[in-house]
Every structure is written in C-alpha cells, then in structure tokens.
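Structure record follows, encoded as structure tokens.
The values are calculated or read from the model by the stated rules, or taken from the named source; none is laboratory data. Quick caveat, the model's predicted, so the values are computed rather than measured. Note that each Cβ is placed from the backbone with ideal geometry, even for glycine, and that neighbours are counted across all protein chains shown. Accessible surface is based on the protein model in full, side chains and every heavy atom, while ligands, DNA and RNA are left aside. Shrake-Rupley method; radii C 1.70, N 1.55, O 1.52, S 1.80 Å.
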Amino acid sequence: MKVMKIGIYQYLKLLLGRKMEYARNIIPLKYSRIYIMKNAKIIGKGSLKLGHKENPKSKQETRFSMGKNSELKLNGTFSAFSGTDIRIFDNAKLEIGSGYCTCGVQIVCSKKITIGEKVAIARDVIIRDTDAHDIVGKEHKKQKEVKIGNHVWIGNRAIIMKGVTIGDGAIVAAGAIVTKDVPQNSIVAGVPAKIIKENVTWK
C-alpha cells in the first residue's frame with residue numbers, strides 16, 4: 001500500500017493535488033509529519049490544526065497517521081500542539097469536535113474514539129481504545145470504544161483507557177487513570193480514578 005507523507009513544505013503541493021479535500025481539513029504547521037493511506041477517509045466540515053507551539057523556537061515533531069480504511073470525522077476546529085501523536089489504525093474511526101490538546105498528547109484509535117465539543121486536553125494525556133495485546137487464558141476484549149463528551153477537561157498526564165465514556169462537563173484530575181465511566185459534571189481522580197466531587201462546573 002502506498003502512503004502519503006507530507007510536511008509543511010509539501011502542503012502547497014497537496015492543495016493542488018487530487019487530495020485537495022484533505023488539505024481543507026488538515027492544517028499542518030512546521031515539523032508536522034503526516035501519513036495517510038490513500039483509501040483512508042477524512043469527512044466533515046471541521047479542521048484539525050497540527051503543530052501549534054508554545055515555544056516558537058521548538059522543533060518538537062507533531063505526528064498524525066491514518067491506516068487502511070480508517071476514517072477521521074471533523075465536526076469543529078481542533079488544535080493539536082507540538083509533540084502530539086495521533087494514530088488511527090486500519091478500519092478505525094476517530095471523530096473530533098472542537099477544542100485543543102497541548103504538548104505530548106497521545107491519541108491511539110484502534111476501533112472508535114469520539115471527542116465532543118469544547119474539550120480541553122492538557123499535557124501528556126493518553127487516550128486509547130485498545131490494550132494493543134490479547135491476554136491469554138481469559139475472556140478479553142482488546143478494543144472498546146471511547147466516548148468523551150462536550151466541555152470535558154482532562155488534566156496533565158491522565159490516561160483514558162478503552163471502553164470509557166466521559167460525560168458532558170466532567171473533569172479528569174491530573175494523573176488519573178480512568179478505567180470506568182465518568183458521570184457528567186463530576187470530578188474523578190486517582191489510580192484507578194474515582195468520583196471525588198459531583199455537580200461541578202468549570203470554565
């Protein structure tokens with residue numbers, strides 16, 4: 001299979017090529033690296049901005065890849081800061097609304113991940129819908145869908161594991177490892193994460 005690989009210097013060529021629809025949706029800044037299998041799909045009217053920098057002199061690489069028959073749906077404007085690594089594997093679907101993720105975030109999509117509107121994702125967060133490996137000798141589902149609601153705040157170095165739904169308005173504290181659903185307008189913290197406060201709002 002052929003792979004499309006581009007950086008900022010190839011972006012103008014992409015605008016003029018047959019993958020022009022991708023260029024409307026994905027906006028790479030300098031030091032962005034993009035790999036898209038030719039039969040991958042990018043749909044929606046939103047945009048994904050790759051490689052925003054807090055330090056203008058940083059050369060930290062931002063990575064984005066899409067596997068065979070994968071799909072990216074963009075519903076709003078989402079910014080991924082430098083050092084972000086977004087991987088959509090074969091046959092997987094990633095749906096993104098609006099908001100941002102800051103430096104060092106990893107999004108690993110092997111089945112389906114949905115991110116809502118006005119979502120704030122802090123540094124070094126990991127979001128994944130797969131264990132990557134099977135566990136031998138027990139009933140085990142390697143992949144389970146992840147859903148992140150609207151106006152969710154995920155703190156530094158939190159980890160969102162497979163099968164989790166995070167309700168609208170929820171807050172995930174720094175360093176939390178989320179293995180179970182998070183109710184809307186609640187705060188979860190700890191390893192594994194537990195509810196520490198309910199009926200909260202944030203802005």
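List of remarks:
- Pick from segment 24-57, criterion open to solvent by 30 Å² or more (accessible area, probe 1.4 Å) and hydroxyl-bearing (Ser, Thr, Tyr), ranking: nearest to Arg87 (Cα to Cα): Tyr35
- Every residue from segment 152-178 that is assigned to a loop (DSSP other than H, G, I, E, B), touching a Phe, Trp or Tyr at 6+ places or on another chain (Cβ under 9 Å) and crowded, with 21+ Cβ neighbours inside 10 Å: Ala170
- Test: residue in segment 185-194 that is over 18 Å from Arg128 (Cβ atoms), in contact with a Gly (Cβ under 9 Å, 6 or more places away or on another chain) and of a type in the set (S, T, N, Q): yes
- Considering residues of segment 179-201 that are among the hydroxyl-bearing types (Ser, Thr, Tyr) and part of a loop (DSSP other than H, G, I, E, B) only, the residue most open to solvent (accessible area, probe 1.4 Å): Thr201
- In summary, Val146 fulfils each of the numbered conditions (1) open to solvent by 60 Å² or more (accessible area, probe 1.4 Å); (2) at pLDDT 95 or above with the single exception of condition (1).
- Thr114 falls short of the stated requirement of being open to solvent by 10 Å² or more (accessible area, probe 1.4 Å), β-branched (Val, Ile, Thr), at pLDDT 95 or above and farther than 19 Å from Leu48 by Cβ.
- The strands (runs of 3 or more DSSP E) found entirely in segment 1-91 that carry 3 or more residues being modelled with pLDDT of 80 or more and closer than 19 Å to Gln106 by Cβ are 32-37, 47-52, 62-66, 77-81, 85-88.
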